[in-house]
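Okay, structure first, notes after.
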Number of protein chains: 2
Amino acid sequence: MSFCRIFFALALPVLAQHHPLDGLTTSEYWAVYDTIQKAGHATPDSYFPSILLRAPAKDAALAWRPGQPMPREADVIMLEKEVTYEARVDITGKKLVSWKEMKGVQAPFLDSEMSGAGEAMKKDPRIVEALKKRGITDLNLVRCSGLPVSYVSVPAQATARIGFGGCTEIHGSYHGWGRSIEGLTARIDVVNKKVLEVIDTGAVPVGAGAINYEELPENPRAGTTPILMTQPMGAAYKIDKGEVSWQNWRFRFRIDQRLGVVLNLVRYTDGARQRSVMYEGSISELFVPYMDPANGWNNRVFIDAGEFYADGGLLQPLKAGLDCPATATYFDALMAGERGTPKVGTQRACLFERASSDPAWRHGQGPEVYGRPSRELVLRSAAVIGNYDYIMDWRFLQDGTIDVAVGATGVIETKSVAEKTVAAHGDTHAEPEYGKLVAPGTLGVNHDHFFSYRLDLDVDGARNSFMAERLVQKLLPNDPMRKSIWVVEPSMAKTEQEAILDIKLDRPAMWMFVNPNVKGPLGYPTGYEIMAGATATSLLSPDDPPQKLGAFSAHQFWVTPYDTNQRYASGVYPTASQGNDGLADWTKANRPISNTDIVGWYTLGFHHVPRAEDWPVMPTMWHSFQIRPFHFFGKNPVLDLPKSLQ
Amino acid sequence: MSFCRIFFALALPVLAQHHPLDGLTTSEYWAVYDTIQKAGHATPDSYFPSILLRAPAKDAALAWRPGQPMPREADVIMLEKEVTYEARVDITGKKLVSWKEMKGVQAPFLDSEMSGAGEAMKKDPRIVEALKKRGITDLNLVRCSGLPVSYVSVPAQATARIGFGGCTEIHGSYHGWGRSIEGLTARIDVVNKKVLEVIDTGAVPVGAGAINYEELPENPRAGTTPILMTQPMGAAYKIDKGEVSWQNWRFRFRIDQRLGVVLNLVRYTDGARQRSVMYEGSISELFVPYMDPANGWNNRVFIDAGEFYADGGLLQPLKAGLDCPATATYFDALMAGERGTPKVGTQRACLFERASSDPAWRHGQGPEVYGRPSRELVLRSAAVIGNYDYIMDWRFLQDGTIDVAVGATGVIETKSVAEKTVAAHGDTHAEPEYGKLVAPGTLGVNHDHFFSYRLDLDVDGARNSFMAERLVQKLLPNDPMRKSIWVVEPSMAKTEQEAILDIKLDRPAMWMFVNPNVKGPLGYPTGYEIMAGATATSLLSPDDPPQKLGAFSAHQFWVTPYDTNQRYASGVYPTASQGNDGLADWTKANRPISNTDIVGWYTLGFHHVPRAEDWPVMPTMWHSFQIRPFHFFGKNPVLDLPKSLQ
């Protein structure tokens, strides 16, 4: 029976559409395609960097019931040479709702633009000559590409699609990471595949450190024995018409080409009630600035979700037994190719239950030990953006907590440098600047990773307030025993500016979504807390163009009123952007956020100074935060767990 | 074979002594006992709050080889009524090395003192009368005890052992947590079991919220299926004469009555070399101040390791299948009872391997996914200090990282209050002060948890330096593309004061132990980084007596030169203490710490504002930090893992 259930789940991944919040289906992608073709807007030069489900209005999605007609729309970005068009398509009615040329923005780069720019470079005599000077004559071994730059950095970006080109060499390996050809860059008109400018600041030997993370013959570490995690009666989660149910949790999710996994309608069954926790939760954006001012490096500021989702989408395939255990269920995803036709990406998410080996709670009382072992449900995906891999987890704990985690792995970006070791610099530890050697002649360049999570919590309903409960020292001048304690000073944020929060250890606060309209049995408004984990703040200057674009990274938490059009923390068009769309810009309006539908934005960030251990591939480094009930339940919700996992 | 191996491990827990760093054996405890008796210092009134292995000098321990004579000593605290004596015993020679009366300190409280004080209270007519006023006449249902106070708060502590007494009622339950009888406290001379003073500030109804975390008949949550983690060929770790080996890790550990698990000689096998990572690592102290100025609460400042280890020891039994999975190996511990004779505590630590379900590293490249699944080795123990339970983990990762984690669970401390709900306070969220209601009439009182970890890292040898690598903004006035980056500014801490570190997100730093005498292949000194997790700083006033005692909590990291006598971050005698021993005091000397044997002290802390979900028992809340290689290896050390866990 359970085998059948798993088989059923595998055979029916989330390609079907059962709910207004589900992802676009094959026939819907074709409806979009046909509608634009029929409207006469497409030509043989038309590309489609983005075709996404247009999220339905929240009230409509919440009011919808099975059997009712379903409003379905798509947001489309069409690219015609340098010109970007935006369309809104009524899928059900197969008609164009709107169509406009977008001025002053640039559509995401297509894979074909990036690789085409690279091919153009290799045909350019200046490049060929510069490579020859470096001793490189076999162009088969050279890989070039032209990447977008997220912020406006050169005037030409205003009218042209400019790729910033660079090359690597693959001699002696099966890939080119770690073999950058430094000092040689180009600026390419990627539409016309024309090299506009070649900059050669002088040759540097190509890094020659070991880069082969997989090497045959295999010689695995000895001394291990098998560890098997099995569920002989099958996993206990169910998937029914796209709704996942596990223990007391209920939720839906879709796989969005731009954002990856988008959770919806996250609820917790509390007795007879299905109580709302979060209407929607997803990554909103990634901001990855590098910290090297050299030519070819000062342009490396990546907005990883919004710039690179054309064609392949943010997520890449998961591998069974590596990324997810043997008991996992996998989900495929439909997405649009650059010509606007759909394709299926396999194994873009997985769902599995795991025994944590940790007690959900325990208490020792004399010789007795009371408690319950715990398990959790993990919804996992992996984003791969060129060199970097991000494992992205939503972990549902039994006690109503959601653990949100990102594991960074993959290949760090390196720069070929002259130094084979730092010995010449003595004990100063100061050189080379801008990074650390990770292999001879191979510098791991310093950088940051910032993730903005969009968390549309709807605690017991859409109308919530945001409260910062500050912990403040209180002196006790008349106490014979002590001089000080701390007390909690709650402050309800009335507007967006009051809810922009930084983490300071000497001024701690709890961040709370509360529903002032629903009181728990003790009289407190029901609530959920955002509990930060280790995180970081951006060190860039606020007026720096990259920082303007990644401005969400300046603070650890933000709250906005719900707006279905405000989904991307660095704006809809983060390529060659002025940084005038996104969280920092929206919140200037300082809109009211009290007792209304609000959205939280958590910044998960870390600075990365590479080490030799990160090379030639980086051990996974995890960061996380929690979304946890606070006076949501009237008591510990895991008293009733079984006493054994078996 | 593997079954035999596991059986062997179970049959021979770490009671034997194979190495100078191993715990005291039965015969050694008896040698200590006999030596003190023979020296004529003990009387029928003698108690022994503390008999601990005196850690051998590091150079002697490192130089020792099997077969050589082993220096073995014990540090003893003897209590004779109010007088504290300190003895050092040469176990091998069965002779007293030193004996002295200690002035101005107080030995840890004995269980018999705390319970005896409670019994004295119940016999005191003032208490009986005060209970009667509260409608409590059946004294069988009343539990009283007299607890120590960690700091000097009343003059009588100077000459007497003063217990601060309070009572709970157990009617309707099988335990008394959550049933405090408020407003009624006493001060008791615990040696003479005499109630010195009764303070009655007025009756408050005893909290009547549900407190039964275990209730029969069981009605476990439905809808689960078994999850089995099995190792059909046995676990791959080995334990040989007290040395644990697993993958490339090697380490020893003992179970110390005061500190719990003490790791020693942690090494990583790197090719042909066994390289030193950490000579010793353990909890050093716990500081748990409550934040309520009421009588009976302003004395609640606990130094949980140093105050409460007499008799039972810090650690309490682990339960198979709850605290550790079915595949775990358990370790018993010998300790001294209050009369100085040894007893065996069972299952005080466990060791198990677990599949993490997460990749050690991965990289997706087009349709290919490369990577290795990971597993980890967990050494776990559980401290129970009255109401609270702390699960304490040392998790060895395959890549050379040690993940140090604490899970807080158990029963929070509550105060009976008049309020059944907060409804009367409207939406102010401000009342009642000093905590949150967790059940009707039951206030979960605000408090902190601070753990000081003593980390005697010896990276490739004992002589190390401590380096803070600060990330500092650098403006780029002449860069055409960008205005700012950050760069790393390394600074070697020359003295203790330079190495007192706080976490500030806008001034981040990496904390690094480096060996300036050993260079890796790239010329960097080999190193290990302490990577902080989410943590906290104390908000108490620096001149507050509790804060003087828990002064380590004012900063997140400290470094001292190695001193075998400096093990306890709040001093050897934290009961009724002036707070003039411990980390903050030692570091005033501002000793040199450069290229010498140094010790790091990490503060893991969190503020705890209770919520209804924490009642009647608290879901486990985890905090952690990492000790991870940084230029210790020449490359990623987990490239060679097997491709499967099976």
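Annotations for the structure displayed:
- A label point on A:W30, set 7 Å along the Cα-to-Cβ line, lies at 8.7 nm from each of its counterparts in the other copies, closest listed first.
- Spherically averaged projected area of segment B:111-200 from its Cα convex hull (nm²): 5.8
- Considering helices alone, the calculated mean residue ellipticity of chain A at 222 nm is -2500 deg cm²/dmol, with DSSP H runs of length four and up weighted by -39500 (n - 2.57) and normalised per residue.
- Using the empirical formula 2.2 N^0.38 Å as the baseline, the Cα radius of gyration of segment B:209-273 reaches a ratio of 1.91.
- One quarter of the surface of the convex hull around the alpha-carbon atoms of chain A equals 35.3 nm², the direction-averaged projected area.
- Protection-proxy order for peptides B:247-254, B:366-373, B:530-537, each taking the mean of Cβ atoms within 10 Å per residue, highest first: B:247-254, B:530-537, B:366-373
- Exam field: A:P367 pseudo-label spacings to other copies (7 Å along Cα-Cβ), nanometres: 6.4
- Model label zone, B:Q68; criterion: amide N under 16 Å from point 7 Å along Cα-to-beta-carbon; scope segment B:240-283: B:265
- Cα centre as origin, Lys/Arg/Asp/Glu Cβ charges: chain B dipole, Debye: 1320
- Dipole check for segment A:2-102: with +1 at the C-beta of Lys and Arg, -1 at the C-beta of Asp and Glu, and the Cα centre as origin, the magnitude is about 420 Debye.
- The Cα-based radius of gyration of the protein assembly as shown, divided by its Kirkwood radius, gives an Rg/Rh of 0.98.
- Trypsin sites (Lys or Arg not before Pro) within segment B:489-561, DSSP loop, no more than 16 other Cβ atoms inside 10 Å: B:K494, B:K504
- Computed on segment B:246-403, with alpha-carbon pairs under 8 angstrom and 6+ residues apart, the relative contact order is 17 percent.
- Shielding by partners, peptide B:499-509 (average Cβ within 10 angstrom, other chains): 4
- Between the amide H of A:S491 and those of A:A468, A:E469, A:R470, distances stay under 5 Å, these residues lying 5 or more places away or on another chain, with hydrogens modeled in the peptide plane.
- Segment A:R221-A:I199, extension gain: residue separation times 0.36 nm, minus the distance between their alpha carbons: 3.3 nm
- 10 Å Cβ neighbours from other chains, averaged over peptide A:317-326: 6
- The calculated FRET efficiency for the pair B:N478 and A:T92, based on their C-beta separation and a Förster distance of 56 Å, comes to about 0.50.
- Total charge dipole magnitude, segment A:497-631, about the Cα centre, Cβ charges on Lys, Arg, Asp, Glu only, Debye to nearest 20: 300
- Distances between placed amide hydrogens fall under 5 Å for A:I181 paired with A:C167, A:T168, A:E169, all partners being 5 or more residues away or on another chain.
- Applied to segment A:489-498, the Karplus parametrisation 6.51 cos²θ - 1.76 cosθ + 1.60 on θ = phi - 60° returns per-residue 3J(HN,Hα) values of 10, x, 9, 7, 7, 7, 9, 4, 5, 6 Hz, with x for Gly and Pro.
- Long-range amide H partners of A:G435 with built H, under 5 Å: A:N446
- Taking θ as phi - 60° and the Karplus parameters 6.51, -1.76 and 1.60, the scalar couplings of segment A:582-592 work out to x, 3, 5, 6, 4, 6, 4, 5, 6, 5, x Hz in sequence order, x denoting glycine and proline.
- Calculated from backbone phi, Karplus (6.51, -1.76, 1.60) coupling profile of segment A:531-545 in Hz, x at Gly/Pro: 9, 5, x, 4, 8, 9, 10, 5, 9, 6, 5, x, 8, 6, x
- For B:W99, the point set 7 Å out from Cα toward Cβ sits 10.3 nm from its twins in the other copies, listed from shortest up.
- Likely footprinting exposure, A:Y151, B:Y568, fewest C-beta neighbours within 10 Å first: B:Y568, A:Y151
- Förster-model FRET efficiency, 30 Å R0, B:W99 and B:T495, C-beta, rounded to 0.05: 0.25
- Here the convex hull built on the C-alpha positions of segment B:87-145 has a volume of 129 cubic angstrom per residue.
Where a number appears in this text, it was derived from the coordinates with a stated rule and is not lab data. On a predicted model such as this, the values are computed, not experimentally measured, just so you know. Glycine gets a Cβ as well: all are built from the backbone with ideal geometry, and neighbour counts include every protein chain shown.
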